[in-house]
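Chemist: Here's a structure for you.
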Amino acid sequence: MTRKRVAVLISGRGSNLQALLDAQGPLCPYEIVVVVSNNPGAAGLDRAREAGVEAAAVDHRVFGKDRAAFERSLDAFLRDRNVELVALAGFMRVLTPFFVNAWANRLINIHPSLLPSFPGLDTHARAIAAGAKLGGCSVHWVTEGVDAGPIIGQAAVPILPGDTPESLAARTLDAEHMLYPACLALVCGGAPLLPGDAQPMLVNAFVEDR
Ligand code: GAR
């Protein structure tokens, strides 16, 4: 089986990266070939190294305010490794149209809300404040609008009385770890993988006709 060569871009802890790494098995249609962080101190880089995957930093601070130069460097790095698909996993830099268009239809992201509700930051606090009864996460194609691209899959979690942003974030994160490998496998052309204690009824995964 030919596996899609995937790069995962992170900024911090990398628990979604870990879920993507853990789902790699003989039937997995993707291979994570490199993990890149804009933050050289990201804990997720160690997760990559422990899994035997190349880990690298392209430090955005080196480029100052020059976002284009940062993205050109990142783009060249990924092309150099023959990356076929880029998965953002807690990558906290907004990408400009240059990078988004360079990787059009090959760039996906996970966001901790049921899009199109609550794009942007502080999703859990905003969902609780709005009185929402369902939270969740979305995997979507990245387009020029922030968190606005076509949705590949979503997983819902309840918002319970007494929830704090932290408790909702933890519940959502468990769903993210189930959803992201399934969606990445889906877009890489294989059957969705539902690792661990996955509850398939929570995953509503489909691929846009594109
Ligand atoms: C995840 O909850 C992810 O959905 C979110 O950051 C967290 C990263 O955690 N991403 C965004 O908010 C993107 N705007 P992780 O580093 O443990 O995977």
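The values are calculated or read from the model by the stated rules, or taken from the named source; none is laboratory data. Every value quoted in this text rests on a predicted model; they were computed, and no experiment measured them. Heads up, the Cβs are rebuilt from the backbone with ideal geometry, glycines too, and the neighbour counts pull from every protein chain shown. Ligands, DNA and RNA are excluded from the accessible area calculation, which covers all protein heavy atoms including side chains. Shrake-Rupley method; radii C 1.70, N 1.55, O 1.52, S 1.80 Å.
Chemist: Once you've got the GNM for the chain with C-alpha springs shorter than 10 Å, pick whichever of 12, 145, 64 has the biggest mean-square fluctuation.
Modeler: Among 12, 145, 64, the largest GNM mean-square fluctuation belongs to 64.
Chemist: Based on the mean of other beta carbon atoms within 10 Å per residue, what is the order of 166-172, 88-94, most packed first?
Modeler: With the highest mean Cβ count within 10 Å placed first, the list reads 88-94, 166-172.
Chemist: Right, another one. Suppose every K and R has +1 on its Cβ and every D and E has -1 on its Cβ; what is the size of the dipole of the chain about the Cα centre, in Debye to the nearest 20?
Modeler: Dipole about the Cα centre, nearest 20: 300 debye.
Chemist: Would you mind calculating the relative contact order of the chain from Cα pairs under 8 angstrom and at least 6 residues apart, reporting the percent as a whole number?
Modeler: Across the chain, relative contact order equals 19 percent.
Chemist: Which whole-Hz couplings ³J(HN,Hα) result when phi for each residue of segment 121-135 is put into the Karplus expression 6.51 cos²θ - 1.76 cosθ + 1.60, θ = phi - 60°, listed in order with x for Gly and Pro?
Modeler: 9, 6, 4, 6, 4, 6, 5, 5, 4, 7, x, 5, 9, 10, x
Chemist: Of 34, 140, 116, which is farthest along the charge dipole of the chain in the positive direction, counting Lys and Arg as +1 and Asp and Glu as -1 at C-beta?
Modeler: Of 34, 140, 116, it is 34.
Chemist: At 1.4 Å probe radius, can you tell me the per residue accessible area of segment 23-93 in Å²?
Modeler: Value for segment 23-93: 48 Å² per residue.
Chemist: Can you compute the helix-only [θ] at 222 nm over the chain? Use -39500 (n - 2.57) per DSSP H run of at least 4 residues, normalise by all residues, nearest 500 deg cm²/dmol.
Modeler: It comes out at -9500 deg cm²/dmol, rounded to the nearest 500.
Chemist: Whenever you get a sec, compute what percent of the accessible area on the chain sits on carbon and sulfur atoms (1.4 Å probe).
Modeler: Carbon with sulfur: 54 percent of the solvent-accessible area.
Chemist: Same structure, new question: Tell me, how many Å apart are the Cα centres for segment 91-147 and for segment 1-76?
Modeler: Between the Cα centres of segment 91-147 and segment 1-76 lies a distance of 18 Å.
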